[in-house]
């Protein structure tokens, strides 16, 4: 079958590489032969082995009747959305690694694919090479899934791992990640949690059956996390991770949030280090399932794209029943309604008095300490209550809150 | 579609339950309706809601043209093998959770299924409810897979977890597992590693493409593991786990073994506790991928069976390209050719002299200590070398070896 690739960047070139280098394995395993016959990119690649099939004109792909499967690895909503829509309407299967596109336009593209009796697949949009979308949609199809959570961004996990294991500051760890190519020059999409938020929206849409738009999802990155917080987390038997999570509530609404969290060391997510990702899914029959692996990188992500390409070939005459309904109004719950415990780091004038007061107000409080703790610094973990209530109570304690981090249960 | 269940035990009854309780979810997600129309069991179930469809006569199912999918949850090779073969030949899809059947007869049943243009699926045969077979065969189909390993038996993992976290002996932990229904009255298939061995054979067959028969695979259970070993492992920054692993070697042969191992705490497998299972797969493009969840239990295993049932319905007119070739002669490598480090616990007469001698013979040796260590006991970890050579060297040291445990890398 003939494959076109839109965008010859990190992932797109990885897809070409995997299809070529592993062509024998793929044919043996699946009975399919794939050939990359067109690549769209606005740049020139005069030295590439693919230079003769690279085009700057999308019409060369859209109008090529011999192209069966189109791989979209450009990123961003436009022009990807227009290109993908056109390809689906022209009866071509589309495979994408573009999380922004799926998070924003997923329901619409799935409907277009269904209408045109072709596949729109996006395993690579969440968790890079880790099998997540297919296990959730196929293997766990017999379950009601009510919760999904995970470490879905490799860049921030790399930075936090450096801070935790080597004691370097956020700024230094970010610089190191940039030098290694793990973080962009403008790191905002990663460090501010936006990338993880898009991915949790895709997972929530898939698990709960209704499109969850990224608009309005609570999203907090890791810029505020300091080595002091890392040290206090250690004393609480935890590590700090950027956790993305979503939960279907009894009233039909969805809680979704991305924020740094204290993760207890007994939780498998605490052992997910460096650029690895992991995703927990909770099904009513199967219980907790976790999938773990490299969440980014050219070849790992291409591995997932190629899995989808093979799936398109296997199911070329059959529309797969797969997807979710368009978004509803008001599906998002208010995140401050969620029950949580909070880690609080604050400054006080009279430590003994502050601790006494915190204890009397909260009842049970776990105080934490660290090496070289300043005389005027107090850190503690509150009991579990609704976040809105917690913050209200906190404002009555008289302490000056420097930072708070949620406790992940 | 109509489903028959062979064997109304723990898993079979779970399948009926999941299909019934989650019928609405399944229909919404997949568009299919499933009805259990026949159940085979030699026992009577006078109070069951299914009593009117339970039969003791396999022919009632084999000859029922309205049955589309047969679920085999009887266990054991015979009569399951005969029943499954008949069903496939009669054009019925078969889904099984029976690891012994798949490990021994997998290649043959896959060939029968292919010949008759039906599906033979067995997601539930490895890792209970954890998605393993489908992610490996579908999502990672673009990879050459050269290594697979994991904790594949929940009973032994429960026993080891009790020993590690609560300091109870093997015997007491086994008794506890039996009381909770996690272990059989005759626990041999679990504690002697046979169940894990069958599962690693299935995974190796799937990953490497050639049937690996359980005959001759090195298999060692956990009966010899003591609390002394658990304590020494802790000092080595490790925990003891029953690890099943297989590796495709450069010469085309396959290394496969099940044995207790020291697993470093930095390895994700070390955090897999209680009856949970986890499986690592190493693909040349994707790198390490791990899947984790409940490895046993009625509903978890049924969740995987139901995923396969849905897959049969989705692909009812299409034979899935899926499976492996029949076994070759001499595919198994000699496990003593494998390079490994060994933990050794031994008794000595003169400790200082023994340690000096061990150091001079092995070069680098890591000595371990524990609380209440007897005066005549020495424990250490050897350097890495071929196991055959290691054991030969060990026999020249003059120490009296009590036990050895491999170090898992």
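Just name the residue that is modelled with the lowest pLDDT out of those in the stretch B:202-243 that are in a loop (DSSP other than H, G, I, E, B) and within 14 Å of chain A (Cβ to nearest Cβ).
First pass over the stretch B:202-243, keeping only residues in a loop (DSSP other than H, G, I, E, B): B:209, B:211-217, B:220-226, B:236-237.
Restricting the remaining residues to those that are within 14 Å of chain A (Cβ to nearest Cβ) gives B:209, B:237.
Values: B:209: 92, B:237: 97.
The qualifying residue modelled with the lowest pLDDT is B:209.
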Every residue in the stretch A:281-302 that is modelled with pLDDT of 95 or more, within 16 Å of the chain's Cα centre (by Cα) and in a loop (DSSP other than H, G, I, E, B), please. none
State which residue is farthest from the chain's Cα centre (by Cα) when the search covers only the stretch A:257-275 and only residues that are part of a strand (DSSP E or B) and within 14 Å of chain B (Cβ to nearest Cβ). A:264
Which of the residues spanning the stretch A:310-335 are at pLDDT 90 or above and facing chain B (nearest Cβ under 8 Å)? A:310, A:311
Out of all the residues in the stretch B:362-369, is one or more surrounded by fewer than 13 Cβ atoms within 10 Å (Cβ to Cβ) and part of a helix (DSSP H, G or I)? no
Name the pairs whose Cβ atoms lie under 7 Å apart, with the first residue in the stretch A:337-364 and in contact (Cβ under 8 Å) with a residue 40 or more places away in the chain and outside the structural domain of residue A:384 (by TED's automatic domain parsing), the second buried (at least 17 other Cβ atoms within 10 Å of the Cβ) and in a loop (DSSP other than H, G, I, E, B), and 6 or more positions between them or separate chains? none
Cβ pairs under 6 Å, 6+ apart, first in the stretch B:370-389 and part of a loop (DSSP other than H, G, I, E, B), second loosely packed, with under 13 Cβ neighbours inside 10 Å and at pLDDT below 95: B:383/B:364
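Filter the stretch A:356-372 down to the residues that are under 24 Å from residue A:240 (Cα atoms) and out of contact with any helix residue (DSSP H, G or I) (no Cβ under 8 Å at 6 or more places or on another chain), then identify the one that is modelled with the lowest pLDDT. Step through it out loud before you land on a result.
Quick first cut of the stretch A:356-372, residues under 24 Å from residue A:240 (Cα atoms) only: A:358, A:362, A:364-372.
If we keep only those that are out of contact with any helix residue (DSSP H, G or I) (no Cβ under 8 Å at 6 or more places or on another chain) as well, we get A:358, A:364, A:366, A:372.
On the way: A:358: 96, A:364: 91, A:366: 97, A:372: 94.
Among them, the one singled out is A:364.
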Given the conditions (1) farther than 24 Å from residue A:171 by Cα; (2) away from chain B (no Cβ under 14 Å); (3) modelled with pLDDT of 95 or more, report the number of the one that residue A:305 does not fulfil. (2)
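Picking from B:283, B:287, B:293, which residue would you name as being within 26 Å of residue A:301 (Cα to Cα) and free of Cβ contacts under 8 Å to residues at least 12 places away in the same chain? Lay out the reasoning, then the answer.
Working: B:283 fails: free of Cβ contacts under 8 Å to residues at least 12 places away in the same chain; B:293 fails: free of Cβ contacts under 8 Å to residues at least 12 places away in the same chain.
Selected residue: B:287, the only one of B:283, B:287, B:293 that is within 26 Å of residue A:301 (Cα to Cα) and free of Cβ contacts under 8 Å to residues at least 12 places away in the same chain.
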With (1) in contact (Cβ under 8 Å) with a residue 12 or more places away in the chain; (2) surrounded by fewer than 17 Cβ atoms within 10 Å (Cβ to Cβ) as the list, and residue A:178 as the residue in question, which single condition is left unmet? (1)
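Yes/no per residue for (1) under 22 Å from the mean Cα position of the chain (by Cα); (2) under 18 Å from residue A:211 (Cα atoms):
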site	(1), (2)
A:58	no, no
A:65	no, no
A:68	no, no
A:71	yes, no
A:81	yes, yes
A:88	no, no
A:104	yes, yes
A:116	no, no
A:120	yes, yes
Quick check on the stretch B:182-195. Is at least one of its residues surrounded by 23 or more Cβ atoms within 10 Å (Cβ to Cβ) and touching a residue at least 60 places away in the same chain (Cβ under 8 Å)? yes
Tell me, which residue of the stretch A:282-295 that is more than 22 Å from residue B:148 (Cβ to Cβ) and buried (at least 24 other Cβ atoms within 10 Å of the Cβ) is farthest from the other protein chains (Cβ to nearest Cβ)? A:283
Looking only at the stretch B:57-69, count how many residues are part of a loop (DSSP other than H, G, I, E, B) and touching a strand residue (DSSP E or B) at 6+ places or on another chain (Cβ under 7 Å). 5
Selection from the stretch A:11-32 of residues more than 7 Å from chain B (Cβ to nearest Cβ) and within 30 Å of the chain's Cα centre (by Cα) yields A:11, A:12, A:13, A:14, A:15, A:16, A:17, A:19, A:20, A:21, A:23
Run residue A:278 past the list (1) facing chain B (nearest Cβ under 10 Å); (2) in a helix (DSSP H, G or I); (3) within 30 Å of residue A:163 (Cβ to Cβ) and report the number of the one that doesn't hold. (2)
Just checking, does the stretch A:34-53 include any residue being buried (at least 23 other Cβ atoms within 10 Å of the Cβ), modelled with pLDDT of 95 or more and part of a loop (DSSP other than H, G, I, E, B)? yes
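Could you grab me the full set of residues in the stretch B:209-224 that are surrounded by fewer than 24 Cβ atoms within 10 Å (Cβ to Cβ) and either touching a residue at least 12 places away in the same chain (Cβ under 8 Å) or under 14 Å from the mean Cα position of the chain (by Cα) (or both)?
Initial filter on the stretch B:209-224 (surrounded by fewer than 24 Cβ atoms within 10 Å (Cβ to Cβ)): B:209-210, B:213-216, B:218-221, B:223-224.
Hits for the stretch B:209-224 are B:209, B:210, B:213, B:214, B:216, B:218, B:219, B:220, B:221, B:223, B:224.
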Which of the numbered conditions does residue B:165 fail, given that it passes all the others? Conditions: (1) surrounded by fewer than 23 Cβ atoms within 10 Å (Cβ to Cβ); (2) in a helix (DSSP H, G or I); (3) within 12 Å of chain A (Cβ to nearest Cβ); (4) in contact with a strand residue (DSSP E or B) (Cβ under 6 Å, 6 or more places away or on another chain). (4)
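Residue-wise test of (1) farther than 23 Å from residue B:205 by Cβ; (2) assigned by TED's automatic domain parsing to the domain that holds residue B:288.
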position: B:136; (1), (2): no, no
position: B:148; (1), (2): no, yes
position: B:159; (1), (2): yes, yes
position: B:173; (1), (2): yes, yes
Scan the stretch A:314-331 and give yes if some residue there is closer than 30 Å to residue A:129 by Cα, in contact with a strand residue (DSSP E or B) (Cβ under 9 Å, 6 or more places away or on another chain) and part of a helix (DSSP H, G or I), otherwise no. no
Sort out which residues of the stretch A:240-253 are farther than 29 Å from residue A:158 by Cα and crowded, with 20+ Cβ neighbours inside 10 Å, and write them in order of number. A:248
Scan of the stretch A:390-409 for residues that are closer than 21 Å to residue A:349 by Cα and part of a strand (DSSP E or B), ordered by number: A:400, A:401, A:402, A:403, A:404
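Quick grid of which residues meet (1) within 14 Å of another protein chain (Cβ to nearest Cβ); (2) surrounded by fewer than 23 Cβ atoms within 10 Å (Cβ to Cβ):
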| site | (1), (2) |
| --- | --- |
| B:88 | no, no |
| B:93 | no, no |
| B:114 | yes, yes |
| B:123 | yes, no |
| B:127 | yes, no |
| B:156 | no, no |
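The values are calculated or read from the model by the stated rules, or taken from the named source; none is laboratory data. Computed from a predicted structure; not experimentally measured. We place every Cβ from the backbone using ideal geometry, glycine too, and count neighbours over all the protein chains shown.
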